[in-house]
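Participant: Below is a structure I'd like to ask you about.
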Amino acid sequence: MSPETLVQLPNLTAPTSPYDSAEFDAHVMATYARFPLTLERGLGCRVWDAEGREYLDFVAGIATCTLGHAHPAMIEAVTQQIQKLHHVSNLYYIREQGDLAKWLIEHSCADRAFFCNSGAEANEGAIKLARKYAHTVLKIESPVILTAHASFHGRTLATITATGQPKYQKNFDPLMPGFHYVPYNDITAIEEAIALLDTPSRHVAAIMLEPLQGEGGVRPGDVAYFQRVRQICDEKGILLILDEVQVGMGRTGHQWGYENLGIEPDIFTSAKGLGGGIPIGAMLCKSFCDVFQPGDHASTFGGNPFACGVALKVCQTLEQDNLLENVRQRGEQLRSGLKAIAQKYPNLITEVRGWGLINGLVLNSDIELTSSQIVKAAMDDGLLLVPAGPKVVRFVPPLIVNEAEIDGALQAIERALAALG
Ligand SMILES: *Cc1c(COP(=O)(O)O)cnc(C)c1O
């Protein structure tokens, strides 16, 4: 029997029945505050719910669906890879993993890659690598990693500790030792923390930052700050780790977020956009700090042929279709449109900020209006958005978004604001 005869393709246009969310809630843990919406199908930057209603998707699975939904390149890569080989373990050489690592290294400042399944897991790898480097090369007994207030690095125990937001840590103590927090974009705070932590046994071994804080409110890194941080790291032998999980993979109009800052990290992590929605994470580093040896770190699913084959196709499509240029142009269009809207509602909106296709509409903190209220109003109008904290509405469409879709989103957000204002 040939594989084709086994595959029954779904009838994509057939109506589906409404979904019973009460049954879902009876069986799935209540870790998420979900919107009352069940999406059944997607194409490009559009998705459809169980009742057949169409939405413009400016969430993209939270900055993840790089090529949108049902992209021909992804369909081809997924279909071909699953028929060939999908998982074998890292007991053996995996061609697709090697090819993806080569692409990432040729398109970044890094020399080596490690693959895993998520952003948190990539950051765990970065933390472990920095600690091993601190112990074995720098000979620091108690290494400390500096991270920023309002940062977000994931939901595992080490990464909620790295995350400088108490709301993610509450009730999960004891947290991991070896982290210290500083305000973001504040160079004096970094200098003071390094001096404060300089004791015979304890030293700052690494500084871990997002080039632009995503979950923390779409807050871009300051160029002068990051360049000074890089200088301090060079002077003191401290590792600079950048969390590129949300802003990497072309999201900002450059391949990596750090290119907006004119610096290079020693270690960086990627996940969200890397597989276009297929779970994959990566931790990359320069060769001087690649201290991992066989047995030091591992992941059963990490770097399997399926995830890597699809991610490589996403990377190649980003390049072949010149999507970075699209991100820059559509990002400009979106930001100037949002700024024009902000001028019409100065009592509601105080700022529009972002890079490329990660942008935030910052709400006036003196009024009661929340980002969730705007997100709900936009959803009722057929536009999907995601909050970045209580006062920032985030716009992270697929990187293939076109001019008409940006216009459609701007019209919908303006109607939502008019309804609320
Ligand atoms: C989403 C995110 C993470 C966590 O990624 P997961 O895949 O959810 O583990 C880490 N860092 C940043 C900057 C993120 O945006």
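Participant: Along the charge dipole of the chain, pointing to its positive end and built from +1/-1 on Cβ of Lys, Arg, Asp and Glu, which listed residue (ALA271, PHE114, LEU410) has its Cα farthest out?
Facilitator: Of the listed residues, the answer is PHE114.
Participant: In what sequence, highest mean first, do 71-81, 408-418 appear when ranked by Cβ atoms within 10 angstrom? If you can, show how the numbers build up before the last one.
Facilitator: Values: 71-81: 16.4, 408-418: 19.3.
Ranked from most to least packed, the peptides come out as 408-418, 71-81.
Participant: Under 19 Å from the 7 Å Cα→Cβ point of HIS87, by amide nitrogen: which residues of region 268-284?
Facilitator: 275-282
Participant: A further question follows. Can you put GLU106, GLU332, GLU259 in order of Cβ neighbours within 10 angstrom, beginning with the fewest? Numbers along the way, then the final one.
Facilitator: Working: GLU106 9, GLU332 13, GLU259 18.
Listing GLU106, GLU332, GLU259 from fewest to most nearby Cβ atoms yields GLU106, GLU332, GLU259.
Participant: Using modelled amide H (1.01 Å from N, peptide plane; none on Pro or chain starts), what sits under 5 Å from the amide H of ASN364, excluding residues fewer than 5 places away?
Facilitator: ILE349, THR350
Participant: Suppose every Lys and Arg Cβ carries +1 and every Asp and Glu Cβ carries -1, with no other charges. What dipole size does region 296-354 come out with about its Cα centre, to the nearest 20 debye?
Facilitator: On the way: 7 positive and 6 negative charges, 79 e Å.
Dipole of region 296-354, to the nearest 20 debye: 380 debye.
Participant: A further question on this structure: Could you list ARG330, ARG155, ARG251, ARG394 in order of exposure, starting from the residue whose Cβ has the fewest other Cβ atoms within 10 Å? Before the final figure, lay out the partial values.
Facilitator: Working: ARG330 22, ARG155 14, ARG251 30, ARG394 25.
Fewest to most other Cβ atoms nearby, the residues stand as ARG155, ARG330, ARG394, ARG251.
Participant: If neighbour count is taken as other Cβ atoms inside 10 Å, put ARG46, ARG228 in order from fewest to most.
Facilitator: Numbers: ARG46 19, ARG228 15.
With the fewest neighbours first, ARG46, ARG228 line up as ARG228, ARG46.
Participant: Would you report the distance distribution of C-alpha pairs in region 367-421 as whole percents per 5 angstrom bin, up to the bin with the largest distance?
Facilitator: Binned Cα distances yield the sequence 4, 21, 29, 26, 14, 5, 1, 0.
Participant: Taking the chain on its own, what percent of its Cα-Cα pair distances exceed 29 Å?
Facilitator: The share of Cα pairs beyond 29 Å in the chain comes to 48 percent.
Participant: I've got another one for you. From Cα pairs below 8 angstrom and at least 6 apart in sequence, can you work out the relative contact order of the chain, rounded to a whole percent? Mind showing how you got there, number by number?
Facilitator: Working: 828 pairs, mean separation 89.5, N = 421.
Normalised by residue count, the contact order of the chain is 21 percent.
Participant: A follow-up question, please. What's the magnitude of the charge dipole for the chain around its Cα centre, counting Lys and Arg as +1 and Asp and Glu as -1 at the beta-carbon? Answer in Debye, nearest 20.
Facilitator: Numbers: 34 positive and 47 negative charges, 82 e Å.
Charge dipole of the chain: 400 debye, to the nearest 20.
Participant: Ok, one more. Which whole number in µm²/s is D for region 97-177 by Stokes-Einstein, with the Kirkwood Rh taken over Cα pairs at 10 °C and 1.306 mPa s? Before the final figure, lay out each step's value.
Facilitator: Working: Rh = 14.3 Å.
It comes out at roughly 111 µm²/s.
Participant: In whole Hz, what ³J(HN,Hα) sequence does region 204-213 give by Karplus (6.51, -1.76, 1.60; θ = phi - 60°), x for Gly and Pro?
Facilitator: For region 204-213, the Karplus-derived couplings read 6, 9, 8, 10, 10, 9, 8, x, 9, 6 Hz, x marking Gly and Pro.
Participant: Run the dipole for region 220-283 about the Cα centre, Lys and Arg Cβ at +1, Asp and Glu Cβ at -1, nothing else charged, and hand back the magnitude in debye, nearest 20.
Facilitator: Working: 5 positive and 8 negative charges, 32 e Å.
With Lys and Arg at +1 and Asp and Glu at -1, about 160 debye.
Participant: Using θ = phi - 60° and the Karplus form 6.51 cos²θ - 1.76 cosθ + 1.60, what ³J(HN,Hα) does each residue of region 306-312 get, whole Hz, x for Gly and Pro?
Facilitator: Per residue, the Karplus-derived 3J(HN,Hα) values read 5, 4, 6, x, 6, 4, 4 Hz.
Participant: Can you find, among GLY217, SER21, ALA419, the residue sitting farthest towards the positive end of the charge dipole of the chain, where Lys and Arg contribute +1 and Asp and Glu -1 at Cβ?
Facilitator: Positive-most Cα among the choices belongs to GLY217.
Participant: First obtain the Kirkwood hydrodynamic radius of region 43-92 from its Cα pairs, then insert it into the Stokes-Einstein equation at 10 °C and 1.306 mPa s, and state the resulting D in µm² per second as a whole number.
Facilitator: After rounding, the answer is 122 µm²/s.
Participant: Further, regarding this structure: Applying the Karplus parametrisation 6.51 cos²θ - 1.76 cosθ + 1.60 with θ = phi - 60° to the phi angles of region 366-382, what ³J(HN,Hα) value in whole Hz is obtained for each residue in order, glycine and proline being reported as x?
Facilitator: Per residue, the Karplus-derived 3J(HN,Hα) values read 7, 10, 7, 3, 10, 4, 5, 4, 5, 4, 5, 5, 5, 4, 4, 9, x Hz.
Participant: Under 5 Å between amide H atoms, partner at least 5 residues away or on a different chain: which partners does ALA148 have, H built in plane at 1.01 Å?
Facilitator: Those lying under 5 Å, H to H, from ALA148 are GLY164, VAL182.
Throughout, read-outs are computed from the coordinates displayed, never taken from laboratory work. As the structure is a computational prediction, the values presented were derived from the model and not from experiment. Using ideal geometry, Cβ is built from the backbone for each residue, glycine included, and neighbour counts are taken over all protein chains shown.
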